[in-house]
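The values are calculated or read from the model by the stated rules, or taken from the named source; none is laboratory data. Note that the structure is predicted; figures quoted are calculated from it, not measured. When we count neighbours, we look across all protein chains shown, and the Cβ atoms used for this are built from the backbone with ideal geometry, even at glycine.
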Amino acid sequence: MERIYLDHAATTPLSKEAFEAMYPYFSNTFGNANSQHGFGRDGAAAVLSARESIASSLGAKPNEIYFTSGGTESDNWALKGTALALRDKGNHIITSKIEHSAIYTTCKQLEKYGYDVTYLDVDSDGFVSPSDLEKAITDKTILVSIMFANNEIGTIEPIKELCEVAHAHKVLFHTDAVQATGAVRYNVKDLGVDMLSFSGHKFYGPKGIGGLYIRSGIKIEKLIIGGEQERTNRGGTTNVPAVVGMAKALEIAIRDLDKNNEYVSSLRNRFVEKVTSQIDEIYFNGPKAKDYDKRLPNNASFSFRYIEGESILFSLDLAGISASSGSACSSGSLEPSRTLLSIGVPVGTAHGTIRFSFGKNNTVEEVDYAVEQLVSIVNRLRAMSPLYRPSTTTMKTIK
Amino acid sequence: MYNEKVMQAFQNPQNVGEVENYNAIGTVGNETCGDIMQITMLIEDGIIKDAKFKTFGCAAAVASSSTATAMIIGKTIDEALKIKNSDVIESLEGLPPQKIHCSVLAEEAIKLAIEDYYSKQGK
């Protein structure tokens, strides 16, 4: 059976171009980029060129780009590094209720060490309000961290406005741009952010590599220390092939961004229209069609009333379709996602949530097959559900 | 995460639905936890003639319901009351640790349905 991959928000396949760019650096040009000899210089040259390329893709200067092991490390570094560096200035951090767990659990850890964290509410589509941020800032606030785009429901936050609010109060601003990078056109200087996290494997680059943009002049404490790498700011032998692959993948993602977004969003829109017209009693989570310019082009999140996410997910998998459960039940916890609860999805309904995220290699035929399978799975599971009572319909289909 | 037996039971569950003219019903769990199991039975002369389930829940919950209903059909009430969640797990050849509660729901649903039968009989 041909498998259909509709989970590009989890990870993307490495592009052929990125793979080919990386290939020589595994075995032929294997030198440690910090070694003082020819092998080392070859590695260092590749890293230098990759850094310049990534800086140019993001609108940064090369010395503002730091390589890390991925988005999670970048988020940890931005938060803990700022918290430690500015601990004499204040102990208050502001974030949102819908952040990725890399931010959320880091905030929880900082709370254990005496920091106060405010988790801002979001509206029913997942947007953080700049005026809510303004109200939350105190004279103890040292950092605001708001995600660029939400991984579950695709909401693209008003980062520029939020950043302006923070800066008006002389507070640093970080954004987790792991989902946005490669999908949303931005320039760090135009956004005005002080720090920005990104991850290679979300834009058809390799796994295990990411980066943190730190604006020139911002000093935060180091997180991973050891050697002289990353101008002494992040120890650990540089993963040369991964750095090279990420730079190539980002270059292509930015080059083809408009074309890819147009195609991927056409698949997503087709899917959403078909699903909402063929299945009743569902929620479409996140920004609706009129606000699609503020939603990741690849994301569709649905909550199916009366049935549970894991059952849907496994049934889809058995039909060859790979998607993602919005409820945390499949990961062993009974708590549904913070994001879904924060936008007001009732707990029971949140359990029946599935995220579909499309990619540039998906086809219209795959979308149509997925809809067909999904309809039959939802009908089958509803027929099995003690909650499904067509006669007592209380929810309306969300168009 | 699940073994083949569980996936098989999830994919092709037995005894889905409600027994026509049931005289025993037990519903356990709640929507907030993500699992609700309803078992209906037709009990005659102390014997469970038929049993069916409806379940809102994960693959393990569906598989546990299917297995539990299959285990009680044809049994006496006393035999059915002796069924433990561990018997359901054994019949499924194992469940992941975080899904053990699904087998517990099955055991509880059987007991609740039998209680319901007794209360309707006025005993």
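Here's the yes/no breakdown for (1) within 14 Å of chain B (Cβ to nearest Cβ); (2) surrounded by 19 or more Cβ atoms within 10 Å (Cβ to Cβ):
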{"site": "A:Ala249", "(1), (2)": "no, yes"}
{"site": "A:Asn260", "(1), (2)": "no, yes"}
{"site": "A:Phe271", "(1), (2)": "no, yes"}
{"site": "A:Thr276", "(1), (2)": "no, no"}
{"site": "A:Glu281", "(1), (2)": "yes, yes"}
{"site": "A:Gly286", "(1), (2)": "no, yes"}
{"site": "A:Ile307", "(1), (2)": "yes, yes"}
{"site": "A:Ser311", "(1), (2)": "yes, yes"}
{"site": "A:Leu316", "(1), (2)": "yes, yes"}
*Test each condition in (1) free of Cβ contacts under 8 Å to residues at least 60 places away in the same chain; (2) within 12 Å of the chain's Cα centre (by Cα) for B:Leu105 and report the one that comes out false.*
(1)
*Report yes if some residue within the stretch B:91-107 is in contact with a Gly (Cβ under 9 Å, 6 or more places away or on another chain) and closer than 18 Å to A:Leu387 by Cβ; otherwise report no.*
yes
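Identify, please: which residue in the stretch A:157-184 is β-branched (Val, Ile, Thr) and in a helix (DSSP H, G or I) and is, among those, nearest to the chain's Cα centre (by Cα)? Before you say what the answer is, go through the steps one by one.
So the first thing to find is which residues in the stretch A:157-184 are β-branched (Val, Ile, Thr), and the list is A:159, A:165, A:171, A:175, A:178, A:181, A:184.
Restricting the remaining residues to those that are in a helix (DSSP H, G or I) gives A:159, A:165.
Details: A:Ile159: 14, A:Val165: 23 Å.
Per the stated criteria, the residue is A:Ile159.
Filtering the stretch A:353-376 down to residues that are part of a helix (DSSP H, G or I) and within 14 Å of chain B (Cβ to nearest Cβ), which residue is nearest to A:Leu296 (Cα to Cα)?
Taking the stretch A:353-376 first, the residues part of a helix (DSSP H, G or I) are A:364-376.
Adding the requirement that they be within 14 Å of chain B (Cβ to nearest Cβ) leaves A:373, A:376.
Values: A:Gln373: 24, A:Ser376: 27 Å.
This residue is A:Gln373.
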*Within the stretch A:12-25, identify whether any single residue is of a type in the set (Ser, Thr, Tyr) and under 22 Å from the mean Cα position of the chain (by Cα), and answer yes or no.*
yes
*Looking at A:Phe358, A:Phe302, A:Phe314, A:Phe284, which is the one that is aromatic (Phe, Trp, Tyr), within 25 Å of B:Leu95 (Cβ to Cβ) and under 25 Å from the mean Cα position of the chain (by Cα)?*
A:Phe314
*In the set B:Thr27, B:Thr69, B:Thr40, which member is out of contact with any Gly (no Cβ under 7 Å at 6 or more places or on another chain), assigned to a strand (DSSP E or B) and crowded, with 20+ Cβ neighbours inside 10 Å?*
B:Thr40
*Is it fair to say B:Glu18 is of a type in the set (D, E, K, R) and at the interface with chain A (Cβ under 10 Å from one of its Cβ atoms)?*
yes
*Only one residue in A:Ser303, A:Ser322, A:Ser342 is at pLDDT 95 or above, over 16 Å from A:Asp125 (Cα atoms) and not hydrophobic (A, V, I, L, M, F, W, C), so which one is that?*
A:Ser322
*asked:* Show the residue pairs meeting these rules: Cβ distance below 7 Å; 6+ apart or different chains; first residue within the stretch B:62-88 and closer than 13 Å to B:Ile114 by Cα; second residue of a type outside the set (S, T, N, Q) and surrounded by fewer than 18 Cβ atoms within 10 Å (Cβ to Cβ).
replied: B:Thr76/B:Gly46; B:Thr76/B:Ile47; B:Ile77/B:Gly46; B:Leu81/B:Lys111
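Yes or no, residue by residue, for (1) modelled with pLDDT under 95; (2) buried (at least 18 other Cβ atoms within 10 Å of the Cβ); (3) of a type in the set (Gly, Ala, Ser):
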| residue | (1), (2), (3) |
| --- | --- |
| B:Ile47 | no, no, no |
| B:Thr76 | no, no, no |
| B:Ala80 | no, yes, yes |
| B:Leu92 | no, yes, no |
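Does A:Ala350 satisfy the criteria of being aliphatic (A, V, I, L, M) and more than 14 Å from chain B (Cβ to nearest Cβ)?
Details: aliphatic (A, V, I, L, M): yes; more than 14 Å from chain B (Cβ to nearest Cβ): no.
So A:Ala350 fails the test.
Conditions (1) farther than 26 Å from A:Asn379 by Cβ; (2) in contact with a Lys or Arg (Cβ under 7 Å, 6 or more places away or on another chain); (3) more than 14 Å from chain A (Cβ to nearest Cβ); (4) not charged (D, E, K, R), marked per residue:
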| position | (1), (2), (3), (4) |
| --- | --- |
| B:Asn30 | no, no, no, yes |
| B:Ile48 | yes, yes, yes, yes |
| B:Ala60 | no, yes, no, yes |
| B:Ala63 | no, no, no, yes |
| B:Thr67 | no, no, yes, yes |
| B:Met71 | yes, no, yes, yes |
| B:Thr76 | yes, no, yes, yes |
| B:Ser86 | yes, no, yes, yes |
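Residues that are hydrophobic (A, V, I, L, M, F, W, C) and crowded, with 18+ Cβ neighbours inside 10 Å: which helices (runs of 4 or more DSSP H) entirely in the stretch A:68-148 hold 3 or more of them? Spell out the reasoning first.
Numbers: elements: A:71-85, A:101-112, A:130-136.
By residue number, A:71-85, A:101-112.
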